Amino acid sequence: MADFEQVLNTVGPRLRALRKQNRSTLAELSEATGISVSTLSRLESGSRKPSLELLLPLARAHRVPLDDLVGAPQTGDPRVHLRPRVHHGMTVVPLSQNPGGMQAFKLILAGGGRTEPEPRTHEGHDWLYVLNGRLRVVLGEHDIVLRAGEVVEFDTRVPHWFGNADSRPVEFLSLFGPQGERIHVRARSR
């Protein structure tokens, strides 16, 4: 029972920190959740015990899982269980499980694979990053070779094909959006 009390006692400071992080006032949060300013203030100070009825709208307003509000410990097995498959001589390792959304894959082409391009088209948007080796990419009228650390991004409705650039294996990552999602890389400037 002491653990339960300890969890409840940490909710208030966590709520205050989230509100401050989001730069919102108690009045703004009250308007977004339908919870009175006085109740929100008492929750943050710890003078009111949180209930599910209060925490659900707060989690929604802060856009965080309910577990984050209460500091719930992680449960289950956190390991990713990779299930590689071989498709047309290429080893495909799914790195994400988001059916219908953005997908991440690691692909490995053994050396000496297909050398004659057979461009295809389909819906989507693809981003390829070469980890090791050299990847030949035929994209519309372009025929390019990517080396480790290089990236290509393209609309998959453009005829495309990729394969080994030479007899050595090549490993690369693919981020694929079936609905045409584009990859957006954001970085802070120094």
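With the simple model of a label 7 Å out from the Cα in the direction of the Cβ, Leu131 to Val151 spans 1.7 nm. Count Lys and Arg as plus one, Asp and Glu as minus one, and take only other residues whose Cβ is under 10 Å from that of Ile144; the net charge is then -1.
Label-to-label distance, Ile144 versus Arg23, with points set 7 angstrom from Cα along the beta-carbon direction: 3.7 nm. A simple count of charges around Gly46, restricted to other residues whose Cβ falls under 12 Å of its Cβ and scoring Lys, Arg +1 and Asp, Glu -1, yields +3. Its Cα gyration tensor gives the range 103-183 an equivalent ellipsoid. The semi-axes, each the square root of 5 times an eigenvalue, are 20, 14, 10 Å from largest down. In whole percent, and with a 1.4 Å probe on the protein chains, what portion of the accessible area of the range 103-160 is carbon and sulfur? Reported share for carbon and sulfur atoms: 50 percent.
Working from label points 7 Å from Cα in the Cα-to-Cβ sense, the Val92 to Ala32 distance is 4.0 nm. For the range 81-153, the solvent-accessible area of protein heavy atoms averages 62 Å² per residue (probe radius 1.4 Å; ligands and nucleic acids excluded).
The values are calculated or read from the model by the stated rules, or taken from the named source; none is laboratory data. Given the structure is predicted, the values throughout are model-derived calculations rather than measurements. Neighbour counts run over all protein chains shown; Cβ positions are idealised from the backbone, glycine included. In case anyone asks, the SASA skips ligands and DNA or RNA and just uses the protein heavy atoms, side chains included. Shrake-Rupley method; radii C 1.70, N 1.55, O 1.52, S 1.80 Å.
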